[in-house]
Amino acid sequence: MSIKEVVVPDIGNFENVEIIEVMVKPGDSLASDDPIMTVESDKAAMDIPAPFAGTVKELRIKVGDKVSAGSPMLLLDTAAEEKPGPAVAAPVVKSFVPPAAEAAAAVPPPTHPVPEAPATIPPRHRPDPVASHVEFAPGKPAHASPAVRRFARELGIEGEGLNHIRGSGPRGRITREDVQAWVKGELAKPRGEGLGGATGLAVPPAPVIDFSQFGEIDTQPLSRIRKLSGANLHRNWVTAPHVTQFDEADITDLEDFRKSMLEEAAKRGVKLTLLAFLMKAVVNALRAFPQFNASLAAEGENLVLKKYFHVGFACDTPDGLVVPVIRDVNKKDVLDIARELADLSELARERKLKVDAMQGGCFTISSLGGIGGTAFTPIINCPEVAILGVSRAEFKPVWDKAGKVFEPRLMLPLSLSYDHRVIDGADGARFTSHLRAMLSDVRRLLL
Ligand code: CAO
């Protein structure tokens with residue numbers, strides 16, 4: 001092991017200048033001339049490069065420190081790089097190029113004094129002076145001149161942010177034009193909706209796979225509804241921080257009541273479904289917890305509380321999922337609601353649903369109870385802030401009030417997903433408890 005202390009070289013008029021970026025960390029393997037840190041005075045910024053190759057053993061600097069010529073920067077282990085031959089001890093200092101001049105010239109300024117990369121540096125460290133294409137390497141310090149770094153910082157690209165930009169200059173150096181092109185590209189990407197949506201997500205593209213190499217396939221176009229709902233579901237999933245609260249409601253008495261009403265409802269041409277009662281229960285809970293009947297304003301500064309109660313329901317159609325909305329549920333009785341549910345479902349399945357029948361919802365119910373399952377995590381229908389998932393009700397043994405005997409009770413699983421930016425966990429649990437209370441007492445529900 002051969003440890004050498006590297007100090008700040010003579011950097012001209014730069015005295016007591018602030019370190020604004022440190023590009024290396026202990027364990028990093030540096031080639032001669034790799035940037036170690038950037039310092040900035042009130043006039044300009046400059047990179048301080050490594051005077052020789054080696055492995056960083058210890059850092060003596062951090063962002064915010066003030067340094068001058070001679071200040072210790074780091075300890076460099078040069079053992080791996082050293083072979084018999086003249087040691088390169090003198091620090092290599094890059095000449096400072098003023099921002100304007102640098103902006104005009106993407107090629108890095110010549111270094112002085114300019115010892116060539118020592119012949120003792122192993123080939124993997126040897127810089128390739130004509131490399132026109134350098135792979136993007138997250139975590140590796142980006143090569144960019146101080147002027148370009150400063151330009152990038154002015155545009156909000158700080159520190160490792162530069163690593164996202166592919167440099168087109170010599171040795172992959174990032175030019176001012178590279179920064180501009182990258183920012184343009186980022187701005188052209190689809191936007192979120194302020195706090196109501198900014199994603200800030202940088203995910204790698206999905207790999208393109210030819211599935212036919214593994215077996216027989218059939219490729220079918222996605223329906224228009226599936227494409228639209230897919231994009232919306234994806235946006236809602238990534239922009240709203242979801243929490244799902246699970247609960248169970250005892251609907252034994254409610255089911256008895258519903259069944260007792262079926263004949264009378266049928267006479268009026270209505271199939272009285274559980275969903276109609278769920279709509280009433282939800283409106284009751286929305287009244288009790290107004291923050292669930294709300295949307296984040298687009299600029300993210302305000303919560304818009306709604307005084308109307310339009311409730312949507314997820315409807316499975318051959319073309320995909322649609323969400324018709326029943327307006328003013330608070331002003332309708334269960335028979336009216338059940339009738340509308342049936343009418344809207346039929347229109348949806350016949351693809352005759354008008355656009356305005358799917359707008360203005362405050363809250364959505366997604367019922368998979370007719371199909372099966374014990375619980376699921378529904379995706380919020382943004383800009384709504386909560387959605388109730390309902391799974392298949394089952395008879396379960398439940399203790400009687402005295403806690404002495406098990407009674408068979410019909411238990412309905414509830415899965416409430418809510419937007420945690422608007423609703424706290426305690427309120428999520430209060431909301432489902434309220435729903436439980438409503439659904440287990442028909443008298444309260446129909447009040
Ligand atoms: N537990 C047990 N049985 C239930 C039930 C529940 N929670 N909910 C409904 N059922 C029963 C009904 O009583 C009915 O039984 P009968 O035919 O014996 O009377 C049967 O299941 C079918 O009900 P339904 O589907 O006709 O009526 P519904 O009101 O339950 O549902 C609708 C209407 C439009 C919600 C439904 O047809 C639908 O499309 N569901 C799928 C919704 C969906 O895809 N959600 C996922 C969205 S992705 O997040």
Inset, instruction - Could you list, in sequence order, all residues of the stretch 401-426 that are of a type in the set (D, E, K, R) and open to solvent by 30 Å² or more (accessible area, probe 1.4 Å)? - result: LYS401, LYS404, GLU407, ARG409, ARG421, ASP424
Inset, instruction - State which residue is most open to solvent (accessible area, probe 1.4 Å) when the search covers only the stretch 323-353 and only residues that are near the ligand (Cβ under 9 Å from one of its atoms) and hydrophobic (A, V, I, L, M, F, W, C). - result: ALA342
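Please go through the stretch 156-185 and pick out each residue that is open to solvent by 40 Å² or more (accessible area, probe 1.4 Å), assigned to a helix (DSSP H, G or I) and of a type in the set (Gly, Ala, Ser). Full working, then the answer.
As a first pass, look at the stretch 156-185 and keep what is open to solvent by 40 Å² or more (accessible area, probe 1.4 Å): 156, 158, 160, 164, 166, 168, 170-171, 176-177, 180-182, 184.
Applying the additional criterion that residues be assigned to a helix (DSSP H, G or I) yields 160, 164, 170-171, 176-177, 180-182, 184.
If the condition is that a residue be open to solvent by 40 Å² or more (accessible area, probe 1.4 Å), assigned to a helix (DSSP H, G or I) and of a type in the set (Gly, Ala, Ser), then ALA181 is the only one that fits.
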Legend entry - Filtered residues of the stretch 395-443 (kept if without any contact (Cβ under 8 Å) to a residue 60 or more places away in the chain, among the charged types (D, E, K, R) and within 23 Å of ASP333 (Cβ to Cβ)): ARG443
Inset, instruction - Would you please name the residue that is least open to solvent (accessible area, probe 1.4 Å), looking only at residues in the stretch 255-275 that are part of a loop (DSSP other than H, G, I, E, B) and within 9 Å of the ligand (Cβ to nearest atom)? - result: THR273
Legend entry - Members of the stretch 354-370 found to be away from the ligand (no atom under 12 Å from the Cβ) and either open to solvent by less than 50 Å² (accessible area, probe 1.4 Å) or over 34 Å from the mean Cα position of the chain (by Cα) (or both), listed by number: ALA357, GLY360, GLY361, CYS362, PHE363
Legend entry - Exclusive hit being more than 30 Å from ILE225 (Cβ to Cβ) and more than 37 Å from the chain's Cα centre (by Cα), set ALA437, ALA426, ALA402: ALA402
Legend entry - Test: residue in the stretch 301-310 that is hydroxyl-bearing (Ser, Thr, Tyr), outside any strand (DSSP E or B) and open to solvent by 20 Å² or more (accessible area, probe 1.4 Å): yes
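The values are calculated or read from the model by the stated rules, or taken from the named source; none is laboratory data. Note that the structure is predicted; figures quoted are calculated from it, not measured. As a convention, Cβ positions derive from the backbone with ideal geometry for all residues, glycine included, and neighbour counts pool all protein chains shown. To get the accessible areas, we keep the full protein, side chains included, count just its heavy atoms, and leave off ligands, DNA and RNA. Shrake-Rupley method; radii C 1.70, N 1.55, O 1.52, S 1.80 Å.
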